[in-house]
Amino acid sequence: MSVVFFAIAAILVISGGVGVVAARNIVYAALSLLIAMVGTAGIFLIGLAEFLALVQLLIYGGAVVIVILFSLMLTRIQEFEFLTANKHWPIALIVAMCLLGLLIISILIEDSTTTTMGSTNITELGLSLFKDWAIPFELASLVLLIALIGAVVVVRTDNEEDR
């Protein structure tokens, strides 16, 4: 049964990744990124990593996609009028294919061993995060808040100069 869930999660991750790359609209790319993040959280759940799945959904799936959409709302569309397709895509395709080949070779060469999975005590992990790692989490949120305020100030200043 877990193979079926893994297949569903893998399809979500792959289709979301292809959607991010293939989307011509940045909003659709952000939604495809959200689909890929949900699939990744599903893979974490299959591996009994509930905390990582929760972090994947909350931090990456929620916050990062919202920041992308919020920054899109703050960007003036006139800056993208003359944006064309990148002429270096054949080089990027060659590099991507080489990396895929390297990944496939490393999977085939590496001797995979199976381990027994055990669950993590979420209560202990939560207490450790809020007890020992509270200050780094608060500093990270402060940095994100300062970046958001800076983006608003830059946009507001530019708009007032245009008047």
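With 0.36 nm allotted per residue and the present C-alpha distance subtracted, the Thr123-Ile149 stretch has 6.0 nm of extension available. Separation of the range 40-62 and the range 90-109 by C-alpha centroid, Å? The distance from the Cα centre of the range 40-62 to that of the range 90-109 comes to 26 Å. Whole-Hz Karplus values for the range 91-103 come out as 5, 5, 5, 5, 5, 5, 5, 5, 5, 5, x, 4, 5 Hz, taken residue by residue from phi with 6.51 cos²θ - 1.76 cosθ + 1.60 and θ = phi - 60°; glycine and proline positions read x. 7 Å from Cα along Cα→Cβ at both Ile107 and Val18: what's the point-to-point distance in nm? Label-label distance for Ile107 and Val18, simple model: 1.5 nm. In angstrom, the C-alpha Rg and Dmax of the range 1-75 are 13.0, 45.
With a Förster radius of 30 Å applied to the C-beta separation of Phe70 and Val3, the computed FRET efficiency comes to 0.20. Working note: Karplus 6.51/-1.76/1.60 with θ = phi - 60° gives the range 132-147 the couplings 8, 10, 5, 5, x, 5, 5, 5, 5, 5, 5, 5, 5, 5, 5, 5 Hz, where Gly and Pro are set to x. Rounded to the nearest Hz, the phi-derived 3J(HN,Hα) couplings of the range 105-110 under the Karplus curve 6.51 cos²θ - 1.76 cosθ + 1.60 (θ = phi - 60°) are 5, 5, 5, 6, 7, 5, where x marks glycine and proline.
Just so you know, all these numbers are worked out from the coordinates, no wet-lab data involved. Please read these numbers as outputs of a predicted model, since none were measured by experiment. No Cβ is skipped: glycine too gets one built from the backbone with ideal geometry, and neighbour counts run over all protein chains shown.
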